[in-house]
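Step one of this worksheet: look at the structure below.
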Amino acid sequence: FFLLQVLNEKKLQEVDSLWKEFETPEKANKIVKLKHFEKFQDTTEALAASTALVEGKLSKNLKKILKKIVAKDAHEQLAVADAKLGGVIKDKLNLSCIHSPMVTELMRGIRSQIEGLITGLPSREMAAMCLGLAHSLSRYKLKFSPDKVDTMIIQAISLLDDLDKELNNYIMRCREWYGWHFPELGKIITDNLMYCKCVRKVGDRSNFASSDVSDILPEEIEEEVKAAAEISMGTEVSEEDINNIIHLCDQVIEISEYRTQLYDYLKNRMMAIAPNLTVMVGELVGARLIAHAGSLLNLAKHPASTVQLLGAEKALFRALKTKRDTPKFGLIYHASLVGQTNTKNKGKISRMLAAKTALTVRYDALGEDTSAEMGAENRLKVETRLRLLEERGIRRISGTGKALARTDKYQNKSEVKIFDPSGDSTLPAVSKKRKIQEVEEQDTEVAVKAKKFKAEMKEETTVEDHEPVKKKKKKKDKEKQAEEEEVLSEEPPTSPTVEVRQNCTTTPSLMGMDSLQNIQTTFICLQNTEKKKKKKKKMKDEDED
């Protein structure tokens, strides 16, 4: 420990330019001055003092030094880089402490010129002492204590998996072996442990009628077993065979009891070493992740994407090789949170769970706190996310909820739009103007069709009214009609049609009318002229007769 006294406090007020005062040892000696120095006896003492400072505690040596200062300079203020340590000093020694940005800049300048401020310490020895203290301090921070050894977890979970495999083989062998003697028992009793206990207690199926297995089986199943034993179709076996089967049942019961004991041991060990990981994914999944990574520290070094796919390496590399979809989960699939979700959301929940699991593992491996509060908070976040995803699916199916915001990709469409002035008009919609040529063509076509229609009607009327008339008169009439059609085809339409056409093209009142009305008016005018001509011809014919 060494204590420095500030000589010029005015220069400390300029925080931004304070580094310039520590560019050289000469400048530094003008601002601060060595007042007290006390060395450590060995590295262990230095380590104890440094760890106490890191944790914000007051060591014994530092307390003695500060008491001397209080006795001499009680009115002076002590500049402290750690606010927590300053509070402890103020409470225990009643010494005023300062913690501000100015103090941090001052501490940085002192560290840069520490060799010039403290005389008699070579730079090599100083570097060697700093290196040794840094190594010992890092070992202390990581806390490689026997309580945090994760090798026991790796061995316990491996043994638990092996016991599950062996138990499965033993139980299947026992059911098949005793099934030759009493095949109906396997269908009645589905629980494996109850099956083995029942076989061990009774033995031969003929003993079921006289034996009491109420401590193993419920009453209904016991009556069903006794009824089935009387009419069983199994083969008879010797006592030696029954003894071997009972010995196998003893092995199954012992192994299952040891498995429950081992599971309790693993559960307690996981809560001691990785409490947050245990709360997040459970004891078995957490232990398998640690075993797969090799240690808790190795698992803490993995990113969240690797934690998500731990245990699915073969499927991942096969998918990359064949250019197919990569897997979405590995060992984390067996976590309870992933099992609760539907198939559609398993990938999303496993990704989020892997991210939170990576945080909890790092907190357990490198953190100093042993509580499981962080794991509980992260698990609650994942559960709320899972609930939101499920509610979104229900809303979409039912259609009663509000419309969700669409998250489509934004595409900028630059379209030039022109203002349409027709929207401002309050007048009714008017058809477009037609050209004069189009109107004339339509008028001529209508006139020709009208002439043909009238000629046909005239022929029918003349045949009905004048049947006794001579053939010469008919010929004259036909010749006159042919001449009139030629005149009509050569000459423009009569005056009424011309007037109507001019009105259609010039007057503003008729410009908004439809073309159909124009055609109707021209047709009516033609009919009037034809009627007048017919009357004149009839008068002539009557005069001639």
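Be a star and scan region 276-296 for residues whose amide nitrogen sits under 20 Å from the point 7 Å along the Cα-to-Cβ vector of S336.
Under cut-off, by backbone N: 276-290.
Evaluated at 37 °C with a viscosity of 0.692 mPa s, what Stokes-Einstein diffusion coefficient in µm²/s does region 148-263 have when Rh comes from the Kirkwood expression over alpha-carbon pairs?
214 µm²/s
If I take R0 = 35 Å and measure r between the Cβ atoms of Y140 and L320 in this structure, what FRET efficiency does the formula 1/(1 + (r/R0)^6) give, to the nearest 0.05?
So, using R0 = 35 Å, E works out to roughly 0.25.
Got a sec? What order do I255, I153 fall in by accessible area at 1.4 Å, biggest, i.e. largest, first?
I255, I153
So how much slack lies between K64 and R392, counting 0.36 nm per residue of separation and subtracting their Cα-Cα distance, in nm?
Details: separation 328, 0.36 × 328 = 118.08 nm, distance 6.55 nm.
Going from the current span to full extension adds 111.5 nm.
When ligands, DNA and RNA are left out and all protein chains stay put, how many square angstrom of accessible area per residue does region 189-329 have with a 1.4 Å probe? It would help to have the intermediate numbers written out before the result.
Values: 7980 Å² over 141 residues.
Dividing the accessible area of region 189-329 by its residue count gives 57 Å².
Karplus couplings for region 245-260 from phi (6.51 cos²θ - 1.76 cosθ + 1.60, θ = phi - 60°), rounded to Hz, Gly and Pro as x?
Couplings: 5, 5, 5, 5, 5, 4, 5, 5, 5, 5, 5, 5, 5, 5, 5, 4 Hz.
Can you work out the FRET efficiency for the pair E542 and M457, with r the C-beta to C-beta distance and R0 = 22 Å, to the nearest 0.05?
0.65
Once you've got the Cα coordinates, tell me which of K323/K348; K187/K328; K187/K267; K449/K535; K30/K67; K165/K328 are over 30 Å apart.
K187/K328; K187/K267
Return the sequence-ordered ³J(HN,Hα) values of region 5-11 in whole Hz as given by the Karplus equation 6.51 cos²θ - 1.76 cosθ + 1.60 applied to θ = phi - 60°, using x for Gly and Pro.
Calculated HN-Hα couplings, in order: 10, 7, 8, 10, 7, 5, 5 Hz.
Report the label-to-label distance for I255 and S295 in nanometres (one decimal), using points 7 Å from each Cα along the Cα→Cβ vector.
3.3 nm
I'd like to compare 43-49, 218-224, 355-361: which one has the highest average count of other Cβ atoms within 10 Å, and what's the full order after that?
355-361, 43-49, 218-224
Compute the separation of the alpha-carbon centres of region 319-345 and region 37-51 and state it in Å as a whole number.
53 Å
For region 10-124, what is the relative contact order in percent, using Cα pairs closer than 8 Å and at least 6 residues apart in sequence? Kindly include the intermediate steps, with their values, before the conclusion.
Working: 89 pairs, mean separation 36.8, N = 115.
Averaging sequence separation for qualifying contacts and normalising by length gives 32 percent for region 10-124.
Accessible area per residue of region 1-61 at 1.4 Å probe, in Å²?
68 Å²
What is region 274-390 by shape, rounded, prolate or oblate, if you read a ≥ b ≥ c off the alpha carbon gyration tensor as root eigenvalues and call it rounded for a/c under 1.5, prolate for a/b larger than b/c, and oblate otherwise?
Note, shape of region 274-390 comes out oblate.
How much length is gained if the chain between V15 and V149 is pulled fully straight, taking 0.36 nm per residue apart and subtracting their Cα-Cα distance, in nm to one decimal?
Taking V15 through V149 to full extension adds about 43.5 nm, to one decimal.
Once label points are set 7 Å from the Cα along Cα→Cβ at both N243 and K72, what is their separation, rounded to one decimal in nm?
Distance between the two pseudo-spin positions: 9.3 nm.
Which of the chymotrypsin sites (Phe, Trp or Tyr not before Pro) across region 19-58 are loop residues per DSSP, with 16 or fewer other Cβ within 10 Å? Walk me through the numbers before you get to the answer.
Numbers: sites: W19, F22, F37, F40; in loops: F40.
Passing both the DSSP loop test and the Cβ count: F40.
What is the calculated FRET efficiency for K535 to T444, with r their C-beta to C-beta distance and R₀ = 25 Å, to the nearest 0.05?
0.45
The values are calculated or read from the model by the stated rules, or taken from the named source; none is laboratory data. In this text the structure is predicted, and so the values were computed from the model without any measurement. Methodologically, a virtual Cβ is constructed for each residue, glycine included, from the backbone with ideal geometry; neighbour enumeration extends over all protein chains shown. Each accessible area value is taken on the protein alone, full model and side chains, heavy atoms only, with ligands, DNA and RNA left out. Shrake-Rupley method; radii C 1.70, N 1.55, O 1.52, S 1.80 Å.
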